[in-house]
1. Please work out the FRET efficiency for the pair Ala7 and Leu86, using the Cβ-Cβ distance as r and a Förster radius of 41 Å; give the result to the nearest 0.05.
2. How do Phe94, Phe89 rank by accessible surface area computed with a 1.4 Å probe, from largest to smallest?
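The values are calculated or read from the model by the stated rules, or taken from the named source; none is laboratory data. Since this is a predicted model, take the numbers as computed values, not measurements. As a convention, Cβ positions derive from the backbone with ideal geometry for all residues, glycine included, and neighbour counts pool all protein chains shown. All accessible areas refer to the heavy atoms of the entire protein, side chains included, with ligands and DNA or RNA removed. Shrake-Rupley method; radii C 1.70, N 1.55, O 1.52, S 1.80 Å.
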Amino acid sequence: MVTQTEAIRWGLEHGLSLAEIRRQSEHLPQTLLNLEASRYLSAAGMIVVLYDTILTLPDEIRLIWPMPFGVIKAIWFLSRYVVPALIVFSNYQFMESRGPLSDHVSGDSPDNLETAPTHHYLL
């Protein structure tokens, strides 16, 4: 957990004034509450997707697997297995169990963050 001193130091190092840090910290309790709710909803959505996958697996084996491989079957398997894998990965990144977040990019100095590549995953 980040201490108040560390948060203030980070804000000052990134060009925020003390007034801006104070103003943003007023919204912190609601932001943390929203983050916690988002984590639970994300986990619930993941469970629903995985439950649906398990429930419909027998029909998939009977109807989809015997079909010759083609575009339709490829799209089916991508949507069926890649999307849930990305949802699980996204939830893992979103949960607290993965460790603390950092604003540093591996292999880059903190001074070079503006030009560091960023990746966004849309699910």
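1. Details: r = 31 Å, r/R0 = 0.77.
My answer for the efficiency is 0.85.
2. Values: Phe94 70, Phe89 95 Å².
So the residues, ranked largest to smallest area, are Phe89, Phe94.
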